[in-house]
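Take a look at the structure below.
Taken together, the values in this text are just the output of simple stated rules run on the coordinates, not laboratory data. These numbers come from a predicted model, not from an experiment. Note that we place each Cβ from the backbone using ideal geometry, even for glycine, and neighbour counts take in every protein chain shown.
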Amino acid sequence: MFMRKNEGHLIHEKTALPAQSGRVLRPRLLKLLEDNLTSYNATIINGRAGTGKTVLAAGFARHSGLAVCWYKVDAADSDLRTFCEYLLASMKLQRFSVGSDRLMQLTETVESDRAELLAEALVFQLTESRFEPLLIVVEDLHLIYDADWVIPFFRRLIPLLPVDVHLLITCRSLPPAPLWRLRSKQMLRLLDEGELAFTLDEAVALFKTYGLNEQYARVAWSQTGGRAAVINEFAATPGRAGRAVADSLLSINRSGFKCIAPDFQT
């Protein structure tokens, strides 16, 4: 995908909310994420490619009623200074008074605790510049898990977040154990592939938007396991749902024929 560079050499698309996609809003998952706002400091949406992480995060960002800071991480952002530049650029779109000079200075130090100090300074900025409640979305954090500062930074940041700020992380693999342990302290909530999968009712609602009835949805749901990208492609591909239903009925008929066929073996 082509990306433009804006002022200060940063890529604008990395801090822009993705275009809306998906025909079904998934109210079950939106309600779960809404409840997390008051019950946890942060939420992790974890799943492989095609499980609907980004669509859900973007959908929630649009329907939450919160000011949203969006940051899509790339592998090159494993450099602490680069990460901080993008995170601050995203935040300043909503919290104009956030100062970046002091925070950027912390990324240039060699002290081993610079990540923790940066997290503390960032929280101070958020506390001092309160406006409306804020949702910070960090997409694809798994791409920089190997950076030595990532876990110390987020392990310090999450417990200190103000009550009006919620952190939403998407990733394709679970974060390392030190961050993962925050679950037991009721600071972090995981939304995994099992919860991301379409339920049958959600599949029926999706297929209805394409003019397809429940019979098609049931067959597709059973064949895809409710995986978001696959079931969406199933519904959107002309003729695929019909062929699947026909194949399913043929399979049932063949099975029934075998059961009633006489056994001529001696």
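Could you tell me how many degrees, from 0 to 90 and to the nearest 10, lie between the Cα long axis of helix 240-260 and the main elongation axis, the longest principal axis, of the Cα atoms of the chain?
40
Using the Karplus equation 6.51 cos²θ - 1.76 cosθ + 1.60 (θ = phi - 60°), what ³J(HN,Hα) coupling, rounded to whole Hz, does each residue of segment 95-106 give in order, writing x for Gly and Pro?
For segment 95-106, the Karplus curve yields 10, 4, 7, 4, x, 9, 4, 5, 5, 5, 4, 5 Hz.
Number of Lys-Lys pairs in the chain under 28 Å by Cα, sequence gap 8 or more or different chains?
19
Roughly how large, in nm² to one decimal, is the mean projection of the convex hull of the alpha-carbon atoms in the chain?
Average projection, Cα convex hull of the chain: 19.3 nm².
Report, by chain and number, residues whose modeled amide H sits under 5 Å from the one on TRP70, excluding near sequence neighbours (fewer than 5 apart, same chain).
Sorted by chain and number, the residues that satisfy this are VAL137.
Once fully extended, how much extra length lies between LEU160 and TRP180, figured as 0.36 nm per residue of separation less the alpha-carbon to alpha-carbon distance?
Here the segment from LEU160 to TRP180 would lengthen by 5.6 nm.
Hey, can you grab everything whose amide H is under 5 Å from the amide H of VAL165? Only 5+ residues off in sequence or another chain; H modelled, so Pro and N-termini drop out.
LEU134
I need TYR40, TYR210 ordered by Cβ neighbour count within 10 Å, fewest first.
Listed from fewest to most nearby Cβ atoms, that is TYR210, TYR40.
What ³J(HN,Hα) values, in whole Hz, does the Karplus curve 6.51 cos²θ - 1.76 cosθ + 1.60 give for segment 46-58 when θ = phi - 60°, with x put for Gly and Pro?
10, x, 5, 4, x, 8, x, 4, 5, 4, 5, 4, 5
Considering the dipole of the chain built from charges on the beta carbon (Lys and Arg +1, Asp and Glu -1) around the Cα centre, which of ILE151, LEU88, PRO176 is farthest to its positive end?
With unit charges placed on the Cβ atoms, the residue in question is PRO176.
Tell me, what HN-Hα J-couplings in whole Hz come from the Karplus equation 6.51 cos²θ - 1.76 cosθ + 1.60 at θ = phi - 60° for each residue of segment 17-31, using x for Gly and Pro?
Residue by residue, segment 17-31 yields 4, x, 4, 5, 8, x, 8, 10, 6, 6, x, 4, 6, 5, 5 Hz.
With +1 assigned to the C-beta of every Lys and Arg and -1 to the C-beta of every Asp and Glu, and no other charges, what is the dipole magnitude of the chain about the Cα centre in debye, to the nearest 20?
840
On C-alpha positions alone, give me the angle between the axis of helix 150-160 and the longest principal axis of the chain, in degrees, nearest 10.
Between helix and principal axis, roughly 80 degrees.
Ranked highest first by average number of other Cβ atoms within 10 Å, how do 150-156, 93-99 line up?
For the peptides 150-156, 93-99, the packing ranking is 150-156, 93-99.
Within 15 Å, Cβ to Cβ, of THR54, how many net charges do the neighbouring residues add up to if Lys/Arg are +1 and Asp/Glu are -1?
Combined, the nearby Lys, Arg, Asp and Glu give +3.
Could you state the number of Å between the C-alpha centres of segment 9-79 and segment 149-164?
Using only Cα atoms, the two centres lie 18 Å from each other.
Give the order of MET91, MET187, MET104 when sorted by the count of other beta carbons within 10 angstrom, beginning with the fewest.
MET104, MET187, MET91
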